[in-house]
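One structure below.
The values are calculated or read from the model by the stated rules, or taken from the named source; none is laboratory data. Nothing here was measured: the structure is a model prediction, and the numbers come from that model. Quick reminder, even Gly has a Cβ in these numbers, built from the backbone with ideal geometry, and neighbours come from all protein chains shown.
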Amino acid sequence: MAKEIEINMETITEQIPGKLIDPSLKKKSKIEVKDVKVWYDDFNAIKGIDMNIKPNTVTAFIGPSGCGKSTFLRLFNRMNDYIEGFRMEGKIKINGDNIYKKKVNVEELRKEIGMVFQKPNPFPKSIFDNVAYGLKIQGITDKQLIEERVIYCLKQVALWDEVKDDLKKSGMALSGGQQQRLCIARTLAVQPSIILMDEPTSALDPISTAKVEELIFKLKEKYTIIIVTHNMQQASRISDYTAFFYLGELIEYNKTKTIFTNPEKQQTENYITGRFG
Amino acid sequence: MRKIKELVIEKSLLTSALITIAITIGIVLVLAIEAVQFFSEVSIIDFLTDTQWTPLFTDKHYGILPLLSGTLLTSFIAISVALPIGLSISIYLSEYAPKSFRKTVKPLLELLAAVPTVVYGFFALIVVTPILQQIIPGLSGFNSLSAGFVMGIMIIPYISSISEDALHAVPNALREASFGMGATKLQTAFKVVVPAASSGIIVSIILAISRAIGETMIVAIAAGQQPRLTLDPTVPVETITAYIVQVSLGDVEHGSVEYRTIFAAGITLFVLTFLLNTLSYRIRKKYQERYE
């Protein structure tokens, strides 16, 4: 069992082909959140949050359903923009630039900040085309470059050995866990520096979950990762920092170890020990 | 007592279903029997290869090709009009329009299919043809261009509505995934949503073609009634349906070969639309459960 969930470290640190930019050489992605408030019509979903997130860390957002953690996560790549009635106040700065400024190019922003969703959502295209999609929409036509990048990303998520013989097969024909790793590979292909994950393992079985967790742990070296999770053990296993949300407020935000062993607030302790939520 | 009531309801529902099936089978049987009698008098090879259709003249020819070409020509013109417009509407409604706009406009568009076709026919003859004659000087008073164009407008809702349903059924998760990778709305619509809904879109196109082939009033009124093997859209033609109308209205003697031509034409029409409907059924069956 242990062997099955092992992810080969070499595939991640091996030499990066072609014009790939090593994410670790990219600008460090510091995130600063200043007094952010969110409304859906009249409903005040987030009631004023300040937060700083360090580069190359894994930060877990925890809290009961409806506490606003997913809404908060989706602010970082402006994914809430499509929701009717969405309104936002405050500033979110990534590397010093407010991403809610009027002139911000949202498409460019999203190339910098990738996202992995709750339910694996591969496109009804081949495995290869799923990973190549992000490159093709950027207008990259160099076949060799695309191929190298696809292989590289599939290796990074440890999916290459499982799918290398049928890259033409539909991405939807894979198992749930494989689909989710395909979705992560697809995200990596765009070369983001930050990866947002919205309960990425909630639809997966324990073995697939372990594989994805292992992967997150490895990806941390090169990417800044923010993960929303309902699973306390998961938060404690994989994250460096943990933020506890409740009713649209950030109750406590600290090193994961501190949150889980010595929380400052009673509410946090109640939640992580399972007394409510 | 209750059991009896249940039984009565069940049986009456079953009867209605059986009656519908029986009527369909009856129609097909009548078509087939009459057509078989027709083909005992006229060679099927002549029927399929003769380039003239003149059963009502003294020099009789029974070649279906002129009627078939009239039908296909008007349908082709109709689909050339309806496809780009219908598809654009469906993409706009599904991917761009605000919810409230979509809710009002969709039923309004569907009204287009509810206008009596005789109205469309006269619209083609009295309004569209004179306008087109201003642009194309040699255009005949009856022509397939005008009839096909108006028919195209009539079938827009078949394409726009069914395609929109298909586009709308594409899970939002796919759009989010695409946006999340930095794709624009346009890229997402054409590279993810449309391909994912392609089976539904193809079905909508086939149904629209099938509707155009079977359409009668518009072509009977505006396309003329001259069987002619041609691809020229500016001259009068006759479609299979228009021919059936023509003969049904005339004083052709029942039981004569001339009379039976309408069944031969009818079965050709039936085969055409049956094939198209089967194709669309197959496509729908094959791909519909993709996301479930």
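Some points to look at:
- Considering residues of the range B:180-192 that are part of a helix (DSSP H, G or I) and buried (at least 22 other Cβ atoms within 10 Å of the Cβ) only, the residue nearest to the other protein chains (Cβ to nearest Cβ): B:Gly180
- Qualifying residue in the range B:130-138 (condition: touching a Ser or Thr at 6+ places or on another chain (Cβ under 8 Å) and surrounded by 19 or more Cβ atoms within 10 Å (Cβ to Cβ)): no
- Selection within the range B:38-59 - surrounded by fewer than 15 Cβ atoms within 10 Å (Cβ to Cβ) and either farther than 25 Å from B:Ser210 by Cα or under 24 Å from the mean Cα position of the chain (by Cα) (or both): B:Ser40, B:Glu41, B:Ser43, B:Ile45, B:Asp46, B:Leu48, B:Thr54, B:Leu56, B:Phe57, B:Thr58, B:Asp59
- B:Leu13 meets the conditions (1) out of contact with any helix residue (DSSP H, G or I) (no Cβ under 9 Å at 6 or more places or on another chain); (2) closer than 30 Å to B:Ala220 by Cα in every case but one. The failed one is (2).
- When the range A:58-92 is filtered for residues that are surrounded by 16 or more Cβ atoms within 10 Å (Cβ to Cβ), touching a strand residue (DSSP E or B) at 6+ places or on another chain (Cβ under 7 Å) and part of a loop (DSSP other than H, G, I, E, B), the ones remaining, listed by number, are A:Gly63, A:Cys67, A:Gly68, A:Leu75, A:Phe76, A:Asn77.
- Verdict on A:Leu154 being more than 22 Å from B:Pro195 (Cα to Cα) and surrounded by 20 or more Cβ atoms within 10 Å (Cβ to Cβ): yes
- Unmet requirement for B:Tyr291, which otherwise passes all of (1) modelled with pLDDT of 90 or more; (2) in contact with a Pro (Cβ under 8 Å, 6 or more places away or on another chain): (1)
- Selected residue (criterion: nearest to the other protein chains (Cβ to nearest Cβ)) from residues of the range B:167-178 that are surrounded by fewer than 24 Cβ atoms within 10 Å (Cβ to Cβ) and among the hydrophobic types (A, V, I, L, M, F, W, C): B:Ala173
- Only listed residue being β-branched (Val, Ile, Thr) and more than 18 Å from the chain's Cα centre (by Cα), chosen from B:Val235, B:Val203, B:Val150, B:Val219: B:Val235
- Any hit, the range A:153-164, residues being within 14 Å of chain B (Cβ to nearest Cβ) and under 12 Å from the mean Cα position of the chain (by Cα): no
- Qualifying helices (runs of 4 or more DSSP H) (wholly inside the range B:52-155; at least 2 residues being within 14 Å of chain A (Cβ to nearest Cβ)): B:99-110
- Test: A:Phe123 is within 11 Å of chain B (Cβ to nearest Cβ), touching a residue at least 12 places away in the same chain (Cβ under 8 Å) and aromatic (Phe, Trp, Tyr): yes
- Here B:Gly141 meets the list (1) surrounded by fewer than 21 Cβ atoms within 10 Å (Cβ to Cβ); (2) modelled with pLDDT of 95 or more; (3) more than 30 Å from A:Thr187 (Cα to Cα) almost entirely, failing just condition (2).
- Listed by position, the helices (runs of 4 or more DSSP H) contained in the range A:142-240 that have at least 2 residues being closer than 30 Å to A:Ile259 by Cα are A:176-189, A:206-219, A:232-238.
- Every residue from the range A:71-113 that is in contact with a Ser or Thr (Cβ under 8 Å, 6 or more places away or on another chain), of a type in the set (Val, Ile, Thr) and away from chain B (no Cβ under 11 Å): A:Ile94
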